[in-house]
Amino acid sequence: MAIVLIRQDGKLDLWKKAFLQQYPYLPVFHCKESHPVEEITMAIVWKHPEGSLTKYPNLKCIASFGAGVDFIFDDPSRPEKVAITRVIDTALAADMSEYVVGAILGYLKNMDLYCQEQQQNNWRPQAYSRISDHTVGIMGAGTLGMTLAQSLLNIGFKAVGWSRRPKENTSIKVYDGAAGRTDFLNRTTILVCLLPLTDATKGILNRETLSLLPAGAYLINVARGGHLVEDDLIPLIDSGRLSGACLDVFQKEPLPKDHPFWTHPKIKITPHVASVSDPASVVPQLVENYKRLINKEPLLHLVDPERGY
Ligand code: NAP
Ligand code: GLV
């Protein structure tokens with residue numbers, strides 16, 4: 001039994017080193033070195049090349065390096081009966097909260113505008129808003145969403161959430177399903193998307209849904225680019241329906257150089273860095289699942305293929 005690491009972002013050596021630092025005798029290979037394909041039982045993947053999983057006849061688990069698994073379901077040649085797992089990690093959740101809280105506070109205090117003004121030596125004070133003026137709506141009240149909710153409550157924000165299934169005993173009110181979505185959006189002045197990308201959530205941030213937010217609401221998308229109908233965003237901002245957006249994820253990544261989002265003054269862009277799996281923090285749970293495979297024990301953080309997340 002052995003592990004193969006598959007990713008295309010230049011981080012293969014870094015991850016392999018992290019595995020061997022913590023588990024020196026682990027049979028872990030990366031996909032660009034010679035490796036025994038028949039022995040591979042676990043493939044740990046991040047945006048792997050389509051078709052790359054077909055060469056492992058004894059694969060038992062496809063593990064995402066991150067929280068999202070949409071790119072695994074997107075691979076039509078993925079062996080369908082193989083278990084899929086994902087990362088659930090306190091550091092990943094804390095990093096996401098820090099990013100979103102930072103983006104929200106920057107928005108409240110016009111930080112983006114002042115960055116632009118500074119380029120032209122302009123001294124132009126603007127009215128700002130306060131934490132007490134806003135209700136943050138977290139679309140996707142899951143692992144990351146509920147950690148964010150707590151961070152927001154800790155600094156005095158009002159927050160609400162939205163999930164697929166009803167929830168009880170939560171720190172914030174969580175609306176659920178299609179029936180709860182309109183009320184959720186109507187209350188939300190800052191919308192944070194933290195949904196998984198599935199057939200049901202693709203394109204969910206569109207002209208119709210975003211128009212259910214109060215006029216002047218702000219959008220933060222830190223989930224996946226496929227959630228946003230990109231062509232709908234600029235007209236909503238230019239008409240004043242939305243006051244702006246902070247986007248970390250895009251339909252096509254890297255965002256093409258000529259994309260209109262780059263130059264829009266009310267759109268802030270970051271290159272899919274809201275929270276990035278930290279090898280030191282994540283390797284132990286990946287290895288725990290490898291050991292569980294060997295011992296034929298139930299895997300941690302299994303993804304439900306029916307739900308797609
Ligand atoms: P999670 O724990 O699975 O939570 C997902 C939440 O979305 C759950 O509350 C779920 O509802 C809800 N949901 C799913 N489908 C829905 C639907 N059709 N309608 C309403 N609610 C729905 O996922 P997570 O760990 O929080 O991660 C969320 C996503 O964040 C990941 O999938 C990934 O795409 C993204 N992410 C981005 C970055 C970045 O750097 N930008 C980093 C990490 C993760 P239930 O509670 O009812 O199941
Ligand atoms: C990052 O985007 C992740 O899914 O972990």
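The values are calculated or read from the model by the stated rules, or taken from the named source; none is laboratory data. What you see is a predicted model, and the numbers here were worked out from it, not measured in a lab. Note that we place each Cβ from the backbone using ideal geometry, even for glycine, and neighbour counts take in every protein chain shown. We work out accessible area using only protein heavy atoms, side chains counted, and drop any ligands, DNA or RNA first. Shrake-Rupley method; radii C 1.70, N 1.55, O 1.52, S 1.80 Å.
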Fill in: All lysines inside 26 Å of K158 as judged from Cα atoms, apart from same-chain residues fewer than 8 positions distant
K109, K167, K173, K266, K268
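At 10 °C and 1.306 mPa s, grab the translational diffusion coefficient of segment 47-191 from Stokes-Einstein with a Kirkwood Rh over Cα pairs, rounded to a whole number in µm² per second.
Details: Rh = 18.2 Å.
Result for D is 87 µm²/s.
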Fill in: 1.4 Å probe accessible area per residue over the chain, in Å²
50
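How large is the helix-only mean residue ellipticity at 222 nm for the chain, computed as the sum of -39500 (n - 2.57) over DSSP H runs with n ≥ 4, divided by its residue count, in deg cm²/dmol to the nearest 500?
So the helix-based figure for the chain works out to -9000 deg cm²/dmol.
Which value results when the Cα radius of gyration for the chain is divided by 2.2 N^0.38 Å?
That works out to 1.07 for the chain.
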Discussion item. Under 10 Å, Cα contacts only: if you run a Gaussian network model on the chain, which one of K257, K17, K55 comes out with the highest mean-square fluctuation?
Written reply: K257
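Over all distinct Cα pairs, what is the inverse of the mean 1/r for segment 1-98, reported as the Kirkwood hydrodynamic radius in Å? It would help to have the intermediate numbers written out before the result.
Details: mean 1/r = 0.0714 Å⁻¹.
When all Cα pairs of segment 1-98 are included, the Kirkwood radius is 14.0 Å.
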Worksheet item: Any idea what Rg and Dmax come out to for segment 90-269 if you just take the C-alpha atoms, in Å?
Response: 15.8, 52
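Can you compute the FRET efficiency between E98 and E208 using 1/(1 + (r/R0)^6), with r the Cβ-Cβ distance and R0 = 30 Å? Round to the nearest 0.05.
Details: r = 32 Å, r/R0 = 1.05.
Calculated transfer efficiency: 0.40.
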Worksheet item: If you rank M111, M139 by how much accessible surface each has, with a 1.4 Å probe, what is the order from largest down?
Response: M111, M139
Worksheet item: R0 = 25 Å: FRET efficiency of K257 with D231, Cβ-based, nearest 0.05?
Response: 0.85
Worksheet item: Roughly how big is segment 90-269's charge dipole about its Cα centre, with Cβ charges of +1 (Lys, Arg) and -1 (Asp, Glu), in debye to the nearest 20?
Response: 340
Item to complete: Using a 1.4 Å probe over the heavy atoms of the protein chains, calculate the carbon and sulfur portion of the accessible area of the chain as a whole percent.
Response: 53
Fill in: Test item: Cα-centred dipole of the chain, Lys/Arg +1 and Asp/Glu -1 on Cβ, debye
380
Worksheet item: Between E306 and N121, what is the spin-label point distance in nm, taking each point 7 Å from the Cα along the Cα→C-beta axis?
Response: 6.6
